[in-house]
Structure formats: structure tokens, C-alpha cells
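Some notes on the structure that comes next.
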Amino acid sequence: MAKGVAMPIIRATCPTCGDVELTPRDLKVMVCSTNGEATYGFRCPGCKFLVSKKTDKQVVEVLVSSGVSMSFWRLPAELNESHDGEPINYDDLIDFHYLINSDDWIIRLRDELNEVGKDIES
Ligand SMILES: [Zn+2]
């Protein structure tokens, strides 16, 4: 922002503190390039908590034209994968914890995965 030019004031709402006043540098717009959903976020000047709110294209345009930075992200490709079998549970996690505490854990894990592969094939 050039010297002598007033910084725009943006009013936003913190769920704890209510309405707060911010400058464009205090906010960030994030747009998901996969589905186009957008959010803006800021650290509340009152309570210091991070606040994130879903917003629409019109608000994104106003914020960006006011000098708020924008970044893009995408949903992980794993969301499109198909998954078979039961989800892992606490017992699986404990078993894995004990497994990786051994010196030969990578060999034992490989052997166990090979056994699982044999079970699926038969
Ligand atoms: Zn707050």
C-alpha cells in the first residue's frame, strides 16, 4: 500500500468477541480449486484465536480487490480412492505400536502384509 493511502478497514465477526476491525493484511482467502468452495481466515485481534468462515464468490472478489491475499488448495486425491475392509481400530494401532518398537519391524511388517495378500488371493 502506497504511503499516504488509507488502508481499507474490513469488519468481520469473531464467534467469541463479536465484530472486529481488520486490515487486508490480517485476512487470507483460501479457495479450493477442486470444488470452488472458499473460506477466509484471520487471527482475532481480541482473543487471538484463529477464525475461519466459509464464504461465497462475491465476498472473495471484494476481499481480494481490497488487497487480501488469496491462495488455492485442492482436496486430496485419496478421497477418490475406493477402500475395502474394516477401518483400523485401537487394537490395530496398539499392535502397530508394538510392531514398530522391534528392530526388525520393517521385515515383520512386510511379511505380515504378504500374508494378508495371500489371504485375499485365496
Ligand atoms: Zn475473538
Apart from one, (1) modelled with pLDDT of 95 or more; (2) out of contact with any strand residue (DSSP E or B) (no Cβ under 7 Å at 6 or more places or on another chain) all hold for V51; the odd one out is (2)
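Which of the following residues is closer than 20 Å to W73 by Cβ and within 16 Å of the ligand (Cβ to nearest atom): F49, F42?
F42
Answer yes if at least one residue in the range 100-111 is in contact with a Ser or Thr (Cβ under 7 Å, 6 or more places away or on another chain) and not assigned by TED's automatic domain parsing to the domain that holds S33, and no otherwise. Break it down into steps so the answer makes sense when it comes.
So in the range 100-111, the residues in contact with a Ser or Thr (Cβ under 7 Å, 6 or more places away or on another chain) come out as 108.
Pick out the ones that are also not assigned by TED's automatic domain parsing to the domain that holds S33 and you get 108.
Within the range 100-111, one or more residues are in contact with a Ser or Thr (Cβ under 7 Å, 6 or more places away or on another chain) and not assigned by TED's automatic domain parsing to the domain that holds S33.
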From (1) more than 16 Å from the ligand (Cβ to nearest atom); (2) at positive phi, pick out the condition that doesn't hold for L79. (2)
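The values are calculated or read from the model by the stated rules, or taken from the named source; none is laboratory data. The structure displayed is predicted, hence computed values, not measured ones. So basically every Cβ, Gly included, is an ideal-geometry build from the backbone, and we count neighbours across all protein chains shown.
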